[in-house]
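Any read-out appearing in this document is the output of simple, stated calculations on the displayed coordinates, not a laboratory observation. Just so we're clear, the structure is a prediction, and the values are computed from it rather than from any experiment. Please note: Cβ atoms are built from the backbone with ideal geometry, for glycine as well, and neighbour counts cover all protein chains shown.
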Amino acid sequence: MANTLLMALIVVLGVPAVMVGYVGLVEWLLGFLPERHRPGVRPWLWIGPAVLFLVVFLVYPALNTAGISLFNADSTRFVGLANYAYVFTAQDMLIAFKNNILWLVLFTLLTVTFGLIIAVLFDRVRYEAAAKALIFLPMAISFVAAGVIWKLMYDFKPAGLPQTGTVNALLTTAIPSFQPQAWLFNPSTNNPGLIAVGVWMWTGFCMVILSAGLKGIPTEILEAARVDGANEWQVFWRIILPMLSSTITVVATTMIINSLKAFDIIYVMTNGNYGTEVIANRMYKEMFNFHQFGRASAIAVILLLAIIPIMLKNIQDFRRQEALR
Amino acid sequence: MTTAATAQAREREASLSARLARALSQGPLHVVVLLICAVWLLPSVGLLVSSFRPARLVASTGWWTAFTPPFNFTLGMYREALSTSGMAQSFINSLFISIPSTVIPIMIAAFAAYAFAWMKFPGRDLLFVIVVGLLVVPLQMTLIPVLRLFNALGLTGTFFGIWLAHTGYGLPFAIYLLRNFFGALPKDLFESVYLDGASPLTAFFWLVFPLSVPALASLVIFQFMWVWNDLLVALIYLGGTPKVAPMTVTISNLVNSLGGNWQVLTAAAFVSMLLPMLVFFSMQQYFVRGILAGSVKG
């Protein structure tokens, strides 16, 4: 009990105090430096803790992975680029690449668009917090539970039997001639079906961040436009959208990265069967099922390389924001 | 007196009809908003209803049949999930893990984002690109090298170790998001406070922090929720010791020990969802308009 109390004190008071104490200490120490040296040293002390954490938990493991990708399954023999050759030719990987492109386009487009529409519309009603909570709710559900939810949604019983899946039951009731579908097995519906689950889960994320950005647009600017006779449609396209552009880039980048790393939903719902394989699930299988550490690492490196074009777009935005303010 | 009363009544009537007119003109908006909510809620309602139904019926009939007689509802699955030994302890453990794992990365990210947005130093853009690029590093690839390090330092199975791990994994997104919001603040604000003799420390705590409250609030919501729902990182770095196990680990043990009894999971999912939703609601008050009111030059 005493231990629990001590821990509670550390958690609630100790940790924040250490954090604030760090920058306090940094600025106090900088005070001893001659004034002209301070601007050169200060940034490094402010980003220092972040760099330290990133190096230990992400940079070092990433370099380690890149190294392993050049070795065989148990990292005992150097094989050069053989793992990469395998990754780009294996049948399952080719299916995975194709599916990830579908994820990238559909998932990113739908989450960002819905997130934006919902953020803007919900901003205008008084029950905004409650309405946003309903969209956010799927994010708070563990992905295993989400898998259960969507198995209930997509469940299939042959035509003639009472349907237990929500989607089939709704459609067969609404359209008498509708044939119940095995949504997750049918190759033409299973990928969009899985992406729909992703959209359901992640739209709340886009909504929250875009809503934060929306609240940051100064009210005077919107009012001024309305006084000048702009209608709501023009206010949205001419003011809200341009002023949210850097936030939209952040959200879209995060969603693109999510689509490349898509794993949880596929893992619990189809495990990549029936033509739904994706890169990250393949990596998981190579690593934990087949113990092919070299191949798994090569896949991880390819994921890292795939986002370089998006990084370049970000740095462009970053510079533009700086030039504008 | 009668005239005053009728005037009052008329006034009330007028405001009522004005309100009615406004409500009608806003009608389509409300319909769309409520429709979106209904579509998003439908799947979860299915799970919620199922969590109150006997396990054998969940497998054989649709959840909506619960609303027709005979009304078969039970609290059995909630009783089972909540009475698991160690559930109370693991709730406290989840708090001890999640609160620092939210505070530490957000503070460290805020320091870094402030430097990235408002200080000049060589290699800044390249460093920032690397930070965002790290978002894509698959968590699974980091587990083995980091675990080796944790074992060497004796951090495995400690709260402190898992705080550090969640900080490392949460930082790239936190820095990325905060840099974007900090960078969007008007430059004049900084110039005027520096003219008044403020230090970067004062500018950070009294200007940047209060003006970025919606961004910080959304970060708190997400980081808390991710850590609260995390199973993988806890399993690997805490090693399944019951003394430090969070709720996710206890629940997954419960589901596995009952021989793949996923029905218990439906109840457990709603129990473990309560706190992230509470955090979401308590952060809503910070999503307010006009934080920057009066700070933009006209």
| message | I'd like to know which of A:Ala66, A:Ala130, A:Ala50 lies farthest towards the positive end of the charge dipole of chain A, counting +1 on Cβ of Lys and Arg and -1 on Cβ of Asp and Glu. | response | A:Ala66
| field | Order of B:Tyr169, A:Tyr284 under a 10 Å beta carbon neighbour criterion, fewest first | value | A:Tyr284, B:Tyr169
| note | Expected integer from the mean partner chain Cβ neighbour count at 10 Å over A:182-189 is 0
| So what's the protein assembly as shown giving for Cα Rg divided by 2.2 N^0.38 Å, two decimals? | 1.04
| query | Sequence-distant or interchain residues sharing an amide H contact under 5 Å with A:Phe71, placed H: which? | reply | A:Val79
| field | Among B:Ser199, B:Ser85, B:Ser101, residue whose mean-square fluctuation peaks in a GNM of chain B (springs only between Cα atoms under 10 Å) | value | B:Ser199
| Straight-line reach from A:Lys261: which lysines have a Cα under 19 Å away, not including same-chain ones fewer than 8 places off? | A:Lys98, A:Lys285
| Across segment B:126-142, in residue order, what do the Karplus-derived ³J(HN,Hα) couplings come to in whole Hz, using 6.51 cos²θ - 1.76 cosθ + 1.60 with θ = phi - 60° and x for Gly and Pro? | 4, 4, 5, 4, 5, 4, 5, x, 5, 4, 8, 4, x, 3, 4, 6, 8
| query | Who wins for biggest fluctuation among A:Leu303, A:Leu81, A:Leu110 in a Gaussian network model of chain A, springs between alpha carbons below 10 Å? | reply | A:Leu81
| Under the definition of partner shielding as Cβ atoms of other protein chains within 10 Å of a residue Cβ, what is the mean value for peptide B:214-224? | 4
| query | Using the Kyte-Doolittle scale, which helices in chain A average at least 0.0 and also have C-alpha atoms spread 30 Å or more along the helix axis, with helices defined as whole DSSP H runs? | reply | A:91-122, A:190-215
| note | Most fluctuating of A:Glu277, A:Glu128, A:Glu232 in the GNM of chain A (C-alpha, under 10 Å) is A:Glu232
| remark: Quick note on A:Trp44, A:Trp150, B:Trp118, ordering by fewest other C-beta atoms within 10 Å, gives A:Trp44, B:Trp118, A:Trp150
| field | segment A:110-157-segment B:189-242 distance, computed between alpha-carbon centres (Å) | value | 25 Å
| task | Go through B:Pro246, B:Val279, B:Leu134 and say which Cα lies farthest out towards the positive end of the charge dipole of chain B; charges sit on Cβ, +1 for Lys and Arg, -1 for Asp and Glu. | result | B:Val279
| To the nearest whole number, what is the average tally of beta carbon atoms from other chains within 10 Å of the beta carbons of peptide A:206-219? | 6
| remark: Going from the fewest other Cβ atoms within 10 Å to the most, one would list A:Cys206, B:Cys37 as B:Cys37, A:Cys206
